[in-house]
Structures are given as C-alpha cells and as structure tokens.
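The values are calculated or read from the model by the stated rules, or taken from the named source; none is laboratory data. Note that the structure is a prediction, hence the values are computed from the model and not measured. A quick note on method: Cβ atoms are made from the backbone with ideal geometry, for glycine too, and the neighbour counts reach across all protein chains shown. Please note that ligands, DNA and RNA were not included when accessible areas were found on the heavy atoms of the full protein model with its side chains. Shrake-Rupley method; radii C 1.70, N 1.55, O 1.52, S 1.80 Å.
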Amino acid sequence: MRKVLYIKANIKPEGISRTFQVSDYFIEEYKKQHPEDEVIVLDLYQENIDFLRPADLEAMGQVNDETKKDTTILKYAYQFAEADKYVFAAPMWNLGFPAILKAYIDYITITGITFHYTAEGPKGLLQNKKAVHIVARGGEYGNAPYEMGDRYLKTILNFLGVDNIQTIAIENLDIVGADVAAKVNEGKEKAGLVVKEF
Ligand SMILES: Cc1cc2nc3c(=O)[nH]c(=O)nc-3n(C[C@H](O)[C@H](O)[C@H](O)COP(=O)(O)O)c2cc1C
C-alpha cells in the first residue's frame, strides 16, 4: 500500500477552482487505478499552517527527541517523509504559488527528516518518490524564467531528493474570450495520461 499526500493550496473552493477541478479528477482516477493505496488530503487552508515562529526554530533542533514528534511543524515534516507520492494542487499567484504553500514548505524542509548535511553538502532524504504539480494560470508561461511557482517547487523537491516530478498546467484561463470549460477538460485529459504512470 502506497501513501499519497494530496496537498491543496487555494482559497477557492471545490467546483470553482480550476486547479481543483483537474486535481480532484486526477485523484479520483488515481483511486480507481490504485484502490489499495491511502490518499491523505491536506487542505492547507484548513490546517494549522503559519509563518515560522521562534518556537518552530526551536522544534527544528529537536528532531532526535521522540517526545517532540507531535510538535506541529515536525508532525508535518514526518508526514511528508512517510508519503510515497505527492499531488500538489496550487494555482499561479503573482508568478508563483499561494504563500501558504511556501509556509508549508518551510514546515517540511527539516534537517534530519527530509534532508541532511553531509561532508559534501546537503542531501535529500526522500528517495524513490513521485510528485505532480497541478496548476491553473490566467496567462501563458510554459517554461518562461519569470514563472517561479512550478520552477521553485521542482527545485525544492529535488533538494529533498524527489526527482520524478511532473507538471500539469492549465493556461490562458483568464484571457478574454477563453473557453474555460474546454481548457479544464484538456487539463483533465492530460491528468488522465499522467495518472496512468503515477
Ligand atoms: C492573487 C492572484 C494572483 C494571480 N496571479 C497571476 C499571475 O501572476 N499570472 C497569471 O497568469 N495568473 C494569475 N492569477 C490568475 C490565476 O492563476 C487563474 O485565475 C487561475 O485559474 C487560478 O486558479 P484557480 O481557478 O484554481 O483558483 C492570479 C489570481 C489570483 C487570485
């Protein structure tokens, strides 16, 4: 049985968010194809995620203390490390992704849990894992250098050791005259292909 962490980062609700329309479809298809797997939904806006505070920095230094495993920040980091696959659903906001996702990344990037320092420098501890980033965008970016959400997410996941990462982007949703329903359907078609190998 594999553990899939479905990380949702959007204030728009189900049905309204174009990102979630595609990511929910991805998850439904995944469940059909892998009924034995566990899917854990982590809706960041429903979670206890905040900017890092002094107590969090202290907790980061207590990774080897078993009694601290349930500290908010360490709890998320251990949960992340225990998952086998990650589905990130986060729209493009201001050339990046919603800030709550960065706050979550600050919770899970913990020395001794998801990466560690070696004589050669930092090394990711997350091996043989897969990730997909599902993202709706108002305009068109592809791999443009000023697109900093997907590129950052891939870079930090690589840093943590995850090297199998795919992106499902649904673009041009806010341009005048866009056929949004058709674009969302195209996104679902892409999701249907990616999920088969996920
Ligand atoms: C706060 C905010 C910032 C946004 N910034 C961008 C942006 O930089 N580039 C872009 O193409 N679209 C931007 N958009 C548009 C969204 O990416 C687009 O509407 C997308 O469909 C949102 O995904 P959702 O439908 O899942 O919420 C922004 C939207 C919001 C609400």
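For segment 56-91, a residue qualifies if it is assigned to a loop (DSSP other than H, G, I, E, B), modelled with pLDDT of 95 or more and open to solvent by less than 30 Å² (accessible area, probe 1.4 Å), and the qualifying residues are A83, A90, P91. Scanning segment 143-198 for residues that are open to solvent by less than 80 Å² (accessible area, probe 1.4 Å), without any contact (Cβ under 8 Å) to a residue 24 or more places away in the chain and of a type in the set (A, V, I, L, M, F, W, C) gives A144, A178, A181, A182.
Note on segment 1-10: residues that are over 19 Å from D150 (Cβ atoms) and surrounded by 12 or more Cβ atoms within 10 Å (Cβ to Cβ) amount to 3.
For segment 100-108, the criterion of a residue being within 16 Å of the ligand (Cβ to nearest atom) and open to solvent by 20 Å² or more (accessible area, probe 1.4 Å) is satisfied by at least one position. Residues that are among the aliphatic types (A, V, I, L, M) and closer than 16 Å to R18 by Cα number at least 3 in the following strands (runs of 3 or more DSSP E) confined to segment 101-181: 130-136, 164-170. The residue that is farthest from the ligand (Cβ to nearest atom), among those in segment 1-13 that are of a type in the set (D, E, K, R) and under 14 Å from I134 (Cβ atoms), is K8.
For the residues E28, E36, E14, the requirement of being surrounded by fewer than 20 Cβ atoms within 10 Å (Cβ to Cβ) and either of a type in the set (F, W, Y) or in a helix (DSSP H, G or I) (or both) singles out E28.
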